[in-house]
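> After the structure tokens below, expect a handful of questions from me.
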Amino acid sequence: MNIAMPRKITFLLALIVALGLPLVLRSGSLASEVLIYALAALGCNLLLGYTGLLSFGQGIFFGLGSYTIAILLTRLQLPMPLALLAAIAMGALGAALVGWVAIRQRGTYFVMLTLAFAQMFYFVAYTASGLTGGDNGLLDVPRPAFMDTPWKYYAFVAVVFLIAFGLLLRVTDSVFGRTLLAIRDNEDRAAAVGYDLKRFKLLAFVISGAVTGLAGGLHAMMTGIAP
């Protein structure tokens, strides 16, 4: 049996969804939002579904992606591709910092640490109004001219979603992904075999943060605001 077949079928299903949404939804913005939040869910699934880590800190990485792309597009007028890459990088960096601390705990202590980081990020974002706009957010986040309609922007989001989905499939089907499953099923046994649990968990955090930061950046461009 070809072990690559399940990956192909899964990607085909994602492609069908991306192509089918315009047929069942009248709003291009709603269709874009579906795929954007699906991206965020993919990042969360890498932590919870594959690594067994229940994180309440995903909003941090989503927010970092939103604020990063909003600042770079509105204040520095960087090209959109560079700003989107920066949003991904900031999501990954934020996840690395949170993960480096949180993975030192297990169970409820891990969950509460991620929740504490999320609350801290909310407080900082709310009070640093000069940078984040406070409770008003950052307004008038622009989109390139070739995405001037909701459905044109949806086409861009769909392409990005499929690329990210395909890359995550390769990650989860790799030795790295199988090791994450082993850690999820039995941490003690995985450690006894010789796997560096902290390193694998941290890498899962970074990848998850990068994907969630990408979702945050796309959402800010869709709505025109980083709230």
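The values are calculated or read from the model by the stated rules, or taken from the named source; none is laboratory data. These numbers were taken from a predicted model, which means no experiment stands behind them. Please note: Cβ atoms are built from the backbone with ideal geometry, for glycine as well, and neighbour counts cover all protein chains shown. To get the accessible areas, we keep the full protein, side chains included, count just its heavy atoms, and leave off ligands, DNA and RNA. Shrake-Rupley method; radii C 1.70, N 1.55, O 1.52, S 1.80 Å.
> I'd like the Karplus ³J(HN,Hα) series for region 141-150: coefficients 6.51, -1.76, 1.60, θ = phi - 60°, whole numbers in Hz, and an x wherever there's a Gly or Pro.
6, x, 10, x, 4, 6, 10, 6, 10, x
> Provide ARG106, ARG75 ordered by accessible surface of protein heavy atoms (probe 1.4 Å), highest first.
Values: ARG106 130, ARG75 105 Å².
Greatest to least solvent exposure: ARG106, ARG75.
> Under 18 Å Cα to Cα from LYS8, which aspartates and glutamates show up? Leave out anything in the same chain fewer than 8 places away.
Straight-distance partners of LYS8: ASP173.
> Could you tell me how far the Cα centroid of region 37-100 sits from the Cα centroid of region 104-135, in Å?
Here the two parts' Cα centres lie 14 Å apart.
> Could you derive backbone 3J(HN,Hα) for region 11-17 from the dihedral phi with the Karplus parameters 6.51, -1.76 and 1.60 (θ = phi - 60°), listing whole Hz in sequence and x where the residue is Gly or Pro?
5, 4, 5, 4, 5, 4, 5
> Mind putting together the pair-distance distribution for the chain? All Cα pairs, 10 Å bins, whole percent per bin, short to long.
In order of increasing distance, the bins hold 8, 31, 33, 21, 6, 0 percent.
> Follow-up. Put +1 on the Cβ of every Lys and Arg and -1 on every Asp and Glu Cβ in the chain; which of LEU12, SER55, VAL124 then has its Cα farthest towards the positive end of the dipole?
LEU12
> Counting only protein heavy atoms, what percent of the accessible surface of the chain is carbon or sulfur at a 1.4 Å probe?
Carbon-and-sulfur percentage of accessible area, whole number: 70.
> Would you mind putting 203-213, 22-32 in packing order, based on average other-beta-carbon counts within 10 Å, highest first? Display every interim value, and only then the final one.
Working: 203-213: 27.5, 22-32: 14.4.
Most protected by this proxy first, the peptides run 203-213, 22-32.
> Checking the cross-link filter: which aspartates and glutamates have an alpha carbon closer than 12 Å to that of LYS198, excluding same-chain neighbours under 8 positions apart?
Output for LYS198: GLU187.
> Hey, another quick one. Can you give the accessible area per residue of the chain, in Å², using a 1.4 Å probe?
51
> Leaving ligands, DNA and RNA out of it, rank GLU187, GLU33 by accessible area with a 1.4 Å probe, largest first.
Descending order: GLU33, GLU187.
> Residues with amide H under 5 Å of LEU138's amide H, sequence separation 5 or more or different chain, H placed in the peptide plane at 1.01 Å from N; which?
Residues meeting the amide H criterion: ALA226.
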